[in-house]
């Protein structure tokens with residue numbers, strides 16, 4: 001078995017685990033044993049899947065796969081580190097570096113999407129810049145809202161997993177539609193959950 005097949009197998013297996021397990025921490029009692037255990041496995045599976053996808057994308061020269069890998073990795077990173085701020089921890093250099101790297105990736109996507117015009121690169125380029133800027137701002141707030149960052153990170157990572165699954169298994173729709181539609185739906189759901197969280201916080 002070649003190294004490429006091993007990477008592909010790792011990506012598929014861990015991505016499938018994350019896809020199936022993702023709803024468990026979302027629907028279970030927050031902070032409970034099931035939530036923490038399932039979330040730990042989900043995060044590990046997503047991290048492995050994203051790392052394998054990143055290497056695969058470089059080998060086969062797939063910009064779409066590279067984009068999903070980078071965004072998924074960033075979201076999981078932010079989602080996993082967010083609970084640290086519950087205990088009053090300060091942001092580390094690695095948090096800033098992650099934001100700067102994503103911003104650089106976003107500018108690269110915009111450059112690629114400018115000529116010839118590529119709507120997918122443009123959309124994900126703008127999204128990467130917004131995501132990195134919001135995380136940067138969140139890290140520098142007086143009291144970082146760790147729960148909001150956790151929800152956004154994990155929810156965004158699961159959205160990326162669903163997107164990848166649809167891209168591979170649905171061939172009758174244009175790829176830009178398959179990429180953008182789950183992102184819009186996932187963003188709307190995350191925003192709705194965030195608004196509910198904010199309303200409860202300020203009651």
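No value in this document is a laboratory result; all are computed from the given coordinates. Note that the structure is predicted; figures quoted are calculated from it, not measured. Note that each Cβ is placed from the backbone with ideal geometry, even for glycine, and that neighbours are counted across all protein chains shown.
Give the angle, between 0 and 90 degrees and rounded to the nearest 10, that separates the Cα long axis of helix 33-60 from the longest principal axis of the Cα atoms of the chain.
It works out to around 30 degrees.
Could you line up 46, 26, 154 from fewest to most neighbouring Cβ atoms inside 10 Å?
Final ranking by Cβ density, sparse to dense: 26, 154, 46.
Rounding to the nearest 10 and keeping the result within 0 to 90°, find how far the Cα-based axis of helix 146-169 lies from the longest principal axis of the chain.
20
Shape verdict for the range 5-95, please, from the Cα gyration tensor: rounded (a/c under 1.5), prolate (a/b greater than b/c) or oblate.
oblate
Rounded to the nearest 500, what is the 222 nm mean residue ellipticity of the chain from helices alone, with -39500 (n - 2.57) per DSSP H run of 4+ residues and division by all residues?
Computed ellipticity for the chain at 222 nm equals -28000 deg cm²/dmol.
With a ≥ b ≥ c the root eigenvalues of the C-alpha gyration tensor of the range 75-174, is it rounded (a/c under 1.5), prolate (a/b larger than b/c) or oblate?
oblate
Relative to the longest principal axis of the C-alpha atoms of the chain, give the angle of the C-alpha long axis of helix 93-114, reported between 0 and 90° and rounded to the nearest 10°.
Orientation of helix 93-114: about 40 degrees from the principal axis.
Could you tell me how far the Cα centroid of the range 33-92 sits from the Cα centroid of the range 9-24, in Å?
Going from one Cα centre to the other spans 12 Å.
Here are a few candidate values for Rg and Dmax of the Cα atoms in Å: (1) 15.7, 50; (2) 16.8, 58; (3) 17.7, 56. Which one was actually calculated from the structure I just gave you?
Computed from these coordinates, Rg and Dmax of the Cα atoms in Å corresponds to label (2).
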